[in-house]
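**Q** My questions all concern the structure below.
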Amino acid sequence: MTVKDAILIIDDEVQIRRLLEITLSANGFKIIEASTGKEGVTFAASQQPNLIILDLGLPDIDGLEVVNKLREWYLKPIIILSVRNSEVDIVKALDNGANDYLTKPFRTGELLARIRVALRQNQNITENPVLEFGSLSIDLANHTVRKNN
Amino acid sequence: MNNFDDNRPNPDELLASLLNEEEKGKRGKLKIFFGMCAGVGKTYSMLQTAQAEKIKGSEIIIGFIETHNRKETANLVEGFELIPRKSYEYKSTFVQEMDLDAIIARNPHIVLVDELAHTNAPGSRHAKRYQDVQELLENGINVYTTLNVQHLESRSETVAQITGVIVRETLPDEIFESADEVELIDLTPDELLQRLSEGKVYAPERSREAVENFFRRGNITALREMALRIVADRVDKQLHDYMQHKRIRGPWKSGLHLLVAIDYRQQSTRLLRLAKNLSYSMGAQIQALYVESSHKLTVKESEQLDKNIKLAKQLAIKFRINTNNDIVRAIVEYAQKENITHIIVGKPRVRNLYSVLRLGNFVNRLIRYSGNIDVYILGSDSQAKDNLGKKVSLPSFTSGYKQYFTVSVFVFLSSILCYFVKDLIGYQAVSFALLFLVSVLAIFFGTGPILLSAVLSALIWDVFFIPPQFTLHIDKPLDVLMLIMFFIIALLNGILTSRVRRQELKIRIREERTNALYQFTKDLTVISGLEEVTKVATNYIQKYFKLDCFIFIINDAGTLEYQSKHSSLNIFSENDMSIANWVFKNSIKAGKNTDTLPSSDYTYFPLMGNNSTIGVVAFKQFRVFTFGEEQFWEACLAQITGKYEREMLREAAKRTYIISESEKLYKILFNSLSHELRIPVATILGASDTLLVQDYAEDTRKKLYNEINTASIRLNRLIENLLNMSRLESGLISPRLDWCDIHDLANRVADSLQNELNLFKLSVIIPTNMPMVNIDFGLMEQVLHNLILNATQHSPAGSRIRVKFFYDNGSLTIQVMDRGTGFSVTEIHSVFNKFYRGKEAKAGGTGLGLSIVKGFVEAHKGTVSVENRQNGGALFTIKIPVEISDINTLNKTND
């Protein structure tokens, strides 16, 4: 965990946002808050957070939609934090590209641990953003593809 | 019709065969052991077959067997379960009949029932055994039964002609035709006679008598031929059906279509039977037609006509009535319309010159007009007695004495009048006046009175007017001629007019019925609700049939329920009710004037809907319906049934709607409640968990405590709201009015919403002369709290929320204004509904807040309304009637 990993919280509930803000900043994260899906997508693009905590029940667009939009370009971890606890919802969210799923009410310790896991796994990917297949190399960070350099 | 059409299976027929199969799956199967006469061994064969089936493992019982003390037969009966017969008391002797209910209750696989054509003893449920068998089949029980050829309705007359024995127990051909299997039990005449002489059929002395009367070789041969032919025809038809079923291309029966024209004479029964036989052997469809003319039927004639119609139905012949004075034209027109290939008419009996002329005319015209349609003229039966033959067919005297009296008075009065003016106009002109009178009377009175008036006026003219007066004697030959002509003209005039009138009357009756039916349909369409339908239907039946009826409709529990609430059902006994239930179950009419349970007080008709029987109508029928009335009655019932069915469907749809709506509501409530509960609980859990697991800095801990506190308040508010709602629901809210200061109220609410209001600018406007008001502080606090909270949730941060109070003329007004999104036109009416949440609403919220506002305000006998503000946002206005304290007002102003 590097110092001041930025986390974007997308949740319409002030109270949850505040709780997360208090807890996560106390654990050394930099917190960005968004109360709607649109706002969330904008912040994700402008602030480039290392991780996103996303609620599914948003007032403007559904959380799943947000995941889809983010996943068009955002490769870092997305953790869903929602009151929806049915298997269908969980499977859908994970299949749509979320890395993890927690239901509210949640335990802070568990959330922190999962954030740590997600960030750790992500390091491996982000440290090596160039995929190579024989003579073909794809640079995910720079959106470039090279052949034989 | 071309060859191509001939070779193609008719889609309707295919469909019918499919439907037949489907229908038959549920019904029991009927197997008939069919023979030419008694003694051929039908019962014996039936028992043998049953034995064989039993060995295969079928459950077979005996419902009714007549062994006729024949030893071999009696031996075969052993080993079968026998349902004991039921005894009926009839004219102080006991008669034993098959116990139908016991068999149905026993519900075997196959039941043996001997002698299908048997007539049951009075007091049994059905008049005929074949009806018992029908009921068994309906209940899914297979039936084996026996039948002799002479009992077939269509053959009974021929049998009577051959053997001289009139058969009274007959079976409608339809039953025979619908049997699933027919097994012919055949014996050569020699063998039969052998058996007879050996006493195997009857006891020896009866045998001899039987051989001399009925079992003559010629008779037996004729009956045998008849039986063989019937079975052969049946096999032929089965082959046809089979080929149709398997889509085999083959020589389809041509589209022959017979039309038999009948009238009100007994001869027609023979005509119907012959035509039916002909249709059998030709493989043709058949229908019957009666042409109603202006001829007025006597009671006997109309009875015979009803009998003929009934026979046509029994013979499974489609029946129609047309009205036309020209019988030939009516027949031909109908035949052309229905694509009839053969017209069958009876040869009228030649009695006198008139009938010779009429016959010639009738036959000639029929042949001339019928074009390419074949005409069969069947000979009249010389043996059958035409007991109606002697009646005079011209006038019929059915008018009351009153009418005779009235016409006499008219004739006398006019005569007296004429007497005074006769010198003025001459006695000959008087005849015209009288003639005119008779013609006018003919419009209003029947044939009898007109005849009387013609005779009377002729006599009066002769005696009082034609010189010499006061004698019957007439001087001038011219006057004699005048008198004769006067009489004939008066007579013809009167009769012709009354004939036209009768025709008109018949048409009018039909028209009235059509109109009545039309009116009824119209009346039915505008009403709704089962009870209304019952009311209209009962009134209608009362009006047009003069019958008091009881309508029973199936309810949700599947039992019949009496519909009307105003008249009592006390007169309806348990027994009557059980008949109603039987009719409902079997969908067959029963009761008085029917073949089933004719001894009961009421007549019962099932109300048969499209898919199932939906109810029963019962009524006291004082006389049997005529054919026309029955048609009318059935049309009415069809209307009533259709309406009931629609109503029932509508109610079912309504119920489903309510259920789905409440399910939807439940889901909404569940979702919003679970959300509302989870958020604060999640906060409390998360915060407390954080505090427990890790040691944080002081200010973080404080923040977390604060969060727990806020979340608890939120939870508490939710519980408050739910409790308030349930109090409102149970009607337990009664405001405890107390004097209170509006400033206190506003401050209290602003304090409690401190957190939420942080982001907003709240302005509270209270006029300086605001008096103390008499309200329930607690309830109003909740009202204001909910409204302001609502405003914070729907307005952008930083906007202004105004709360304005003022008092005017006995009422307190509170207005809460925000700069939020307002409400759309479609939802503004629903905002106070329970669990209603705005379409644009943010996540969270139960949809209870505003409905509680409304409930509490109404508990204060006040009103709450909402409107959109001109520059955006919502405006809630509350008006509550309040008392004010003058002293307090004074104090305030003095401050």
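**Q** Per Stokes-Einstein, at 20 °C and 1.002 mPa s, what whole-number D in µm² s⁻¹ belongs to segment A:37-104, with the Kirkwood radius over Cα pairs as the hydrodynamic radius? Can you show the working numbers first?
**A** Working: Rh = 11.8 Å.
Reported coefficient: 182 µm²/s.
**Q** Ok, one more. Which whole-number percentage describes the relative contact order of chain B, with Cα contacts under 8 Å and a sequence gap of 6 or more?
**A** Here the relative contact order equals 7 percent.
**Q** Let me ask something else about it. Mind listing the Cα extents of segment B:614-663 along all three principal axes, in Å, largest one first?
**A** The Cα atoms of segment B:614-663 stretch 54, 18, 9 Å along their principal axes.
**Q** Next question, about the same structure. Ranking B:Met608, B:Met46 by Cβ neighbours within 10 Å, fewest first, what do you get? Please report the intermediate quantities before stating the final value.
**A** Numbers: B:Met608 17, B:Met46 24.
With the sparsest Cβ surroundings first, the list reads B:Met608, B:Met46.
**Q** State the antiparallel share, in %, of DSSP beta bridges confined to the protein assembly as shown, rounding to the nearest 5.
**A** 45 percent
**Q** Across peptide A:19-31, what mean number of C-beta atoms from other chains lies inside 10 Å of a residue's C-beta?
**A** 4
**Q** OK, next. Would you please report the Å³ per residue occupied by the convex hull of the alpha carbon atoms in segment B:42-190?
**A** 139 Å³
**Q** Further question: So what's Rg/Rh here for chain A, counting alpha carbon atoms and using the Kirkwood radius for Rh?
**A** A ratio of 1.00.
**Q** If you don't mind, another one. Using the number of other C-beta atoms within 10 angstrom as an exposure proxy, rank B:Trp633, B:Trp739 with the fewest first.
**A** Values: B:Trp633 20, B:Trp739 14.
Lowest to highest Cβ neighbour count: B:Trp739, B:Trp633.
**Q** At each listed q (0.09, 0.12, 0.15 Å⁻¹), what is the log10 of I(q)/I(0) that the Debye formula gives for segment B:116-220 modelled as equal alpha-carbon point scatterers?
**A** Taking Cα atoms of segment B:116-220 as identical point scatterers yields -0.30, -0.52, -0.79.
**Q** When Cβ neighbours within 10 Å are restricted to other protein chains, what is their mean count per residue of peptide A:97-109?
**A** 4
**Q** Using Cα pairs closer than 8 Å and at least 6 residues apart in sequence, work out the relative contact order for chain A, in percent.
**A** Worked out over chain A, it gives 17 percent.
**Q** Further question: In whole Å, how far is the Cα centre of segment B:432-471 from that of segment B:161-189?
**A** Using only Cα atoms to place each centre, the spacing works out to 61 Å.
**Q** Let me ask something else about it. Just want the ordering: B:Thr298, B:Thr594, from fewest to most Cβ atoms lying within 10 Å of their own Cβ.
**A** Result, fewest neighbours first: B:Thr298, B:Thr594.
**Q** Of B:Lys506/B:Lys592; B:Lys310/B:Lys535; B:Lys402/B:Lys620; B:Lys535/B:Lys643; B:Lys128/B:Lys546, which sit over 23 Å apart, Cα to Cα?
**A** B:Lys506/B:Lys592; B:Lys310/B:Lys535; B:Lys402/B:Lys620; B:Lys128/B:Lys546
**Q** I would also like to ask the following. Can I get the semi-axes of the protein assembly as shown's equivalent ellipsoid? Compute them from the C-alpha gyration tensor as square roots of 5 times the eigenvalues, in angstrom, largest first.
**A** 92, 48, 29
**Q** Using the Karplus curve 6.51 cos²θ - 1.76 cosθ + 1.60 with θ = phi - 60°, work out ³J(HN,Hα) for each residue of segment B:486-491 in order, rounded to whole Hz, and write x for Gly and Pro.
**A** 4, 5, 5, 5, 4, 5
**Q** With θ set to phi - 60°, apply the Karplus curve 6.51 cos²θ - 1.76 cosθ + 1.60 along segment A:62-72 and write out the HN-Hα couplings as whole Hz, x wherever there is a Gly or Pro.
**A** Result, ordered by residue: 5, x, 4, 4, 4, 4, 4, 5, 4, 5, 5 Hz.
**Q** Quick one: give the max-minus-min coordinate of the C-alpha atoms of segment A:1-74 along each principal axis, largest first, in Å.
**A** So the three principal-axis extents are 30, 28, 16 Å.
**Q** Before rounding to the nearest 500, sum -39500 (n - 2.57) across all DSSP H runs of length at least 4 in chain B and divide by the residue total; then give [θ] at 222 nm in deg cm²/dmol.
**A** Numbers: 28 runs with 475 residues, N = 895.
Value at 222 nm, helices only: -18000 deg cm²/dmol.
**Q** For segment B:20-123, what relative contact order do you get, as a whole percent, if you take Cα pairs closer than 8 Å and at least 6 residues apart?
**A** 27 percent
**Q** If you don't mind, there's one more thing I want to ask. Grab every C-alpha pair in chain B, bin the distances at 10 angstrom width from 0 up to the longest one, and report whole percents.
**A** 2, 8, 12, 14, 13, 10, 8, 9, 9, 8, 5, 3, 1, 0, 0, 0
**Q** Shielding by partners for B:700-707, please: the mean number of other protein chain Cβ atoms within 10 Å of each residue's Cβ.
**A** 4
**Q** Suppose every Lys and Arg Cβ carries +1 and every Asp and Glu Cβ carries -1, with no other charges. What dipole size does the protein assembly as shown come out with about its Cα centre, to the nearest 20 debye? Show your work: numbers first, answer last.
**A** Numbers: 123 positive and 122 negative charges, 568 e Å.
Dipole magnitude for the protein assembly as shown comes out near 2720 debye.
**Q** Hey, another quick one. Please report, largest first and rounded to whole Å, the three semi-axes of the ellipsoid equivalent to segment B:388-538, where each semi-axis is the square root of five times an eigenvalue of the C-alpha gyration tensor.
**A** They are 47, 17, 12 Å, listed from largest to smallest.
**Q** Could you give the size of the charge dipole of chain B about its Cα centre, using +1 on the Cβ of each K and R and -1 on the Cβ of each D and E, expressed in debye and rounded to the nearest 20?
**A** Value, rounded to 20: 2300 debye.
**Q** Follow-up. Any chance you could check the Cα centroid distance between segment B:23-101 and segment A:1-69 for me, in angstrom?
**A** Centre-to-centre distance over Cα atoms comes out at 88 Å.
Every number here is computed from the coordinates shown, using simple stated rules; none is lab data. Predicted model only: the values in this text are computed from it and were never measured. Counting neighbours? That spans all protein chains shown, and the Cβs are built from the backbone with ideal geometry, glycine included.
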